[in-house]
Amino acid sequence: MGDTYVAFDVETPNHRNDRISAIGVVVVEDGAQTTSFYSLVNPETPFDSFNIRLTGITPRMVQNQPAFPLLWELLRPLMEKGTLCAHNAPFDLGVLGRCLTDYGLAWKAQADYVCTCQIGRKLLPDAPNHRLNTLAELLDLPLRHHNALSDTKACAGLLQYYQKHANLRNFYRKYDFNNLRTVSG
């Protein structure tokens, strides 16, 4: 297995998807979950009622939490440990990219990533759908959906399952943080 992956999930406070209200990160090294990180984040922006209902995160819950730039000092070394991984990765990568840009935080121009949703479409074609909660149930992975750490752990669990059944390098894509899009695949 040998590769290191950084599974992550973000929750957002509103429809603009340019700020983060919670983030979870799990590092998968040699097929094992080795490090996990979770934090609520003060997005310093208004919440939409839809996002509050979806995530359960309220403005009051995050009012005394760190803003993203402070957390980025802790997150950046984790995020640089390996290939990024998320379920519906272009969404999470886009939010991360917009958040970095919005705060004027420089990072790498591009990053390799894998998407557990896309991999699932290839390796689990008979699944009823390829949503995180459906695949987690199918593979008996614990999940409290729309909790960033729980979503990340389920994503990491999918990744570990996929590592046993495929060469994940065949699923590598590259995300361009300057243009907020996948540039190869």
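Kindly indicate whether D92 is surrounded by 15 or more Cβ atoms within 10 Å (Cβ to Cβ), acidic (D, E) and assigned to a strand (DSSP E or B). So that I can check it myself, show each step before the final result.
Numbers: surrounded by 15 or more Cβ atoms within 10 Å (Cβ to Cβ): yes; acidic (D, E): yes; assigned to a strand (DSSP E or B): no.
No.
Please give the number of the condition L75 fails out of (1) touching a helix residue (DSSP H, G or I) at 6+ places or on another chain (Cβ under 8 Å); (2) surrounded by 13 or more Cβ atoms within 10 Å (Cβ to Cβ); (3) without any contact (Cβ under 8 Å) to a residue 60 or more places away in the chain.
(1)
Residue by residue through region 69-89, note down the ones that are in a helix (DSSP H, G or I) and either within 16 Å of D3 (Cα to Cα) or among the basic types (K, R) (or both).
Of everything in region 69-89, those that are in a helix (DSSP H, G or I) and either within 16 Å of D3 (Cα to Cα) or among the basic types (K, R) (or both) turn out to be R76, L78, M79.
Would you confirm, using the coordinates I've provided, whether S49 is among the small types (G, A, S), surrounded by fewer than 16 Cβ atoms within 10 Å (Cβ to Cβ) and touching a residue at least 24 places away in the same chain (Cβ under 8 Å)? Reasoning before the result, please.
Numbers: among the small types (G, A, S): yes; surrounded by fewer than 16 Cβ atoms within 10 Å (Cβ to Cβ): yes; touching a residue at least 24 places away in the same chain (Cβ under 8 Å): no.
Judged against the criteria, S49 is not a match.
I need the helices (runs of 4 or more DSSP H) fully contained in region 99-168, keeping only those with at least 1 residues that are surrounded by 18 or more Cβ atoms within 10 Å (Cβ to Cβ), touching a residue at least 60 places away in the same chain (Cβ under 8 Å) and charged (D, E, K, R). Break it down stepwise before answering.
Working: elements: 116-123, 132-138, 148-165.
Answer list for region 99-168: 148-165.
How many of the residues in region 4-26 are surrounded by 21 or more Cβ atoms within 10 Å (Cβ to Cβ) and part of a strand (DSSP E or B)?
12
Quick note: the coordinates plus some simple rules give every number you see, no bench work behind them. Since the structure is predicted, the reported quantities are computational estimates derived from the model, not experimental observations. Cβ: placed from backbone, ideal geometry, glycine included. Neighbour counts: every protein chain shown.
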